[in-house]
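Heads up, the thing below is written out as structure tokens.
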Amino acid sequence: MTVRRASRTNGGVRRHLKVVGQTGFVDRPASGARTNEAEPGVTTSAGEASRRRPDAFGLHGLPLLTDGRGRAYTYLRLSVTDRCDFACVYCMPRGGEDDHAERPDLLSFEETARLASILCESGINRIRFTGGEPLVRRDVVRLIDLVQRRSGITRLVMTTNGSRLADLARPLRVAGLSGVNVSIDTLDPDRFQQITRGGELKRVLAGVHAALEAGLEVKVNAVALGGINDIDAGNLVDWAWGLGIIPRFIELMPLGEAARMPRSSFLAQEQLIGLLGARVERGGGSAIDGQGPARYLAAADGSGRKVGFITAVSNEFCGSCNRIRITARGDLRACLASREASSLRDVMRAGGSDLDVAWAVHQALGSKLVGHLFADQNATEHSRVGMSLIGG
Ligand code: SAM
Ligand code: SF4
């Protein structure tokens, strides 16, 4: 196996200094400061897998994406940048990540569209653009248009912080985007600014309205943070329901910056539900909508409105995982918490054929674990996972 960016593994042997923090997850490299690499500790492989491709692979069209445990992959989260105009306290270090991909490191528009097209032929039927903040990628509307035309896919959606949505909602809709999940953790402008380290709530709310007017399907995602925005949860639900939007609460995952936060910041599903008081039906149990990891509770007033919960920690959903992730540099990450990556960009730039790229994807999925190990107190890598680098 060819290992790129060997400095990330310290000569193949990872040495860490365990620091027992309040979360029990804090861990730093023994060598001291973070290196300049975007994601220290990630091992990226490429190339050799494609040389070992069996002759029979793809003879009758590209095989569907599955893993050894029978999970079928139909959903791609595609990060188009590792940059962001916010630096949320649970996601990015103050001042942003140490290292961003330079333009030549990023997948070009052509490479992105080619990958999307290969993956759609392999069974992917929904693509979510993410980042960093996807709307800060220059010409992102043209990128989406290209992906749509090359892959022919109709289910294109995006997760965004909404800061540029007011201007871009309509062009995005015209380019083929059908929906946006806008991240809004609170409707209190001061707390919003604190959590995002500078974000302007007014602009984001203007973006939500523009998205609705443009005909995009809108959902709102909030990361619930104990002692920070928990008191705002009910307001957020009332506001979203008032606009006909489904609000969803995301349980804080102990990855990246969040792994350094105090345990009191983590709210489990039951606590999240408790924040909503009499708004939701408790007895009926939550239901999965069939598309993703969210579970939904109905409004208690029988109006048919609902609120979603994405609870990766207290209610692991890995057994039904249907998603793969590709970073802005073209690394395939079979799992958010995994430290293994497979560079599809390198396969393409080495002259690999579409079959070689598809084979590299199959190889990477073959090594996917059953679960994510978030709850493993001995897992040493969680603080080193950059959500903004992988795309959440
Ligand atoms: N910048 C865009 C945004 O904020 O919507 C897209 C990228 S962001 C990494 C994707 C999602 O991940 C956001 O909804 C964000 O709130 C969520 N997120 C980031 N760090 C998280 C963490 N540690 N636990 C749970 N969700 C997190
Ligand atoms: Fe940026 Fe999204 Fe991360 Fe916030 S959650 S810092 S908006 S990438």
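Assorted remarks:
- When segment 157-178 is filtered for residues that are within 16 Å of ligand 2 (Cβ to nearest atom) and either in contact with a Pro (Cβ under 7 Å, 6 or more places away or on another chain) or over 16 Å from LEU205 (Cα atoms) (or both), the ones remaining, listed by number, are VAL157, MET158, THR160.
Yes/no per residue for (1) within 17 Å of ASN322 (Cα to Cα); (2) more than 15 Å from ligand 1 (Cβ to nearest atom):
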position	(1), (2)
GLY58	no, yes
GLY61	no, yes
GLY70	yes, yes
VAL80	no, no
ARG103	no, yes
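- Of all residues in segment 38-85 being modelled with pLDDT of 90 or more, in contact with a Lys or Arg (Cβ under 6 Å, 6 or more places away or on another chain) and surrounded by fewer than 22 Cβ atoms within 10 Å (Cβ to Cβ), the one that is nearest to ASP145 (Cα to Cα): ARG77
- Selection count, segment 237-277, where residues are of a type outside the set (A, V, I, L, M, F, W, C) and away from ligand 2 (no atom under 16 Å from the Cβ): 12
- Considering segment 145-235, the qualifying helices (runs of 4 or more DSSP H), each wholly inside and each with 1 or more residues that are modelled with pLDDT of 95 or more and within 17 Å of VAL80 (Cβ to Cβ), run over 165-175.
- Residues satisfying the stated conditions in segment 117-137, i.e. under 21 Å from SER163 (Cα atoms) and either more than 16 Å from ligand 1 (Cβ to nearest atom) or assigned to a helix (DSSP H, G or I) (or both): PRO134, LEU135, VAL136
- The residue of segment 188-210 that is farthest from GLY274 (Cα to Cα), among those that are more than 16 Å from ligand 2 (Cβ to nearest atom) and aliphatic (A, V, I, L, M), is ALA210.
- For segment 312-358, taking the residues that are at pLDDT 85 or above and of a type in the set (S, T, N, Q), the one that is surrounded by the most Cβ atoms within 10 Å (Cβ to Cβ) is identified as THR327.
Okay, residues lined up against (1) within 16 Å of ligand 2 (Cβ to nearest atom); (2) more than 21 Å from the chain's Cα centre (by Cα); (3) part of a loop (DSSP other than H, G, I, E, B); (4) closer than 13 Å to ALA328 by Cα:
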{"site": "PHE57", "(1), (2), (3), (4)": "no, yes, yes, no"}
{"site": "GLY70", "(1), (2), (3), (4)": "no, yes, yes, no"}
{"site": "ASP82", "(1), (2), (3), (4)": "yes, no, yes, yes"}
{"site": "ASP85", "(1), (2), (3), (4)": "yes, no, yes, no"}
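- The single condition from (1) at positive phi; (2) in contact (Cβ under 8 Å) with a residue 60 or more places away in the chain; (3) within 16 Å of ligand 1 (Cβ to nearest atom) that MET92 fails is (1).
- Boolean, ILE124 is over 29 Å from ASN229 (Cβ atoms) and either among the hydrophobic types (A, V, I, L, M, F, W, C) or within 16 Å of ligand 2 (Cβ to nearest atom) (or both): yes
The values are calculated or read from the model by the stated rules, or taken from the named source; none is laboratory data. From a predicted model like this one, the values you see are computed outputs, not experimental measurements. FYI the Cβ positions are ideal-geometry reconstructions off the backbone, even for glycines, and counts take in every protein chain you see.
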